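Right, one structure below, let's go through it.
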Amino acid sequence: GAGVSQSPSNKVTEKGKDVELRCDPISGHTALYWYRQSLGQGLEFLIYFQGNSAPDKSGLPSDRFSAERTGGSVSTLTIQRTQQEDSAVYLCASSWDLSFNQPQHFGDGTRLSIL
Amino acid sequence: AQSVSQHNHHVILSEAASLELGCNYSYGGTVNLFWYVQYPGQHLQLLLKYFSGDPLVKGIKGFEAEFIKSKFSFNLRKPSVQWSDTAEYFCAVTLNTGFQKLVFGTGTRLLVSP
């Protein structure tokens, strides 16, 4: 596709449920990033992938958060046992590779609301 | 850890006014600097970027930014704003080492009145 695609665009769920957020990067982009945009924290980095590998998971807020990427393409961010503080817009970005001169292109995000 | 500060949280301007949004970062090493814009209901878009060379960078839609290394600043400017510039603007930085984790400022909401 022409841009980074994220689904669903909106997700409302009850506290304690698990959610899966999907990101389909720009075709050919090997690097993929997840960020979170929330009122209290602004835009914060969560995790990145080079190919299918996520070398640094230290940005994930808790062990309830996990992410995977398969086939060097689609990535899924999973939040288990959701809490109200998980409510935020989850943004995915991709870039050609990890080189510093390759800008990141963002998707529209998934707005997650935990009741 | 590096951080990015945007001092103006909300800016209101009339059309044709000049714009300058402040951005300062805290890191002594080599950095890459970015301004992203988020129009209402749209995704983050890259306005301009600085990696090296001429510290005055020109971006899309008439925006420019100047990197002043001695002041750790990368302020965004536009000589004459339009109503369509109403958006939220984010300054961001990555380091020249390791992977490209974007560290964002808190953003500045710009409202341009017609």
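When the surface is traced with a 1.4 Å probe over the full set of protein chains, residue A:81 keeps roughly 120 Å² accessible.
Rounded to the nearest 20, the size of the Cβ-charge dipole of chain B about its Cα centre is 220 debye, with Lys and Arg at +1 and Asp and Glu at -1.
Per residue of B:86-94, count partner chain C-beta atoms within 10 Å of its C-beta, then hand back the mean as an integer. Write down the numbers at each step before the final one.
Values: counts 0, 0, 0, 0, 3, 0, 2, 0, 3.
Shielding by partners across B:86-94 averages 1.
Pairs of C-alpha atoms in chain A farther apart than 26 Å represent 13 percent of all such pairs.
Inter-chain neighbour count for A:103-112: the average number of beta-carbon atoms from partner chains within 10 Å of each residue's beta-carbon is 4.
Could you tell me the ratio Rg/Rh of the protein assembly as shown? Both radii from Cα atoms, Rh via Kirkwood.
Details: Rg = 17.7 Å, Rh = 18.2 Å.
Value, to two decimals: 0.97.
Placing one equal scatterer on every Cα of the stretch B:11-66 and applying the Debye formula, the log10 ratio I(q)/I(0) at q = 0.24, 0.27, 0.28 Å⁻¹ is -1.18, -1.31, -1.34. Here the mean projected area of the convex hull built on the C-alpha positions of the stretch B:34-77 is 3.3 nm². Along each principal axis, taking the top coordinate minus the bottom one, the Cα set of chain B gives 43, 27, 22 Å in descending order. Here is the interface size for B with A: some 1600 Å² of accessible area buried, both sides summed, with a 1.4 Å probe.
The values are calculated or read from the model by the stated rules, or taken from the named source; none is laboratory data. These numbers come from a predicted model, not from an experiment. For neighbour counting, all protein chains shown are included, and Cβ atoms are generated from backbone atoms with ideal geometry for every residue, glycine included. We work out accessible area using only protein heavy atoms, side chains counted, and drop any ligands, DNA or RNA first. Shrake-Rupley method; radii C 1.70, N 1.55, O 1.52, S 1.80 Å.
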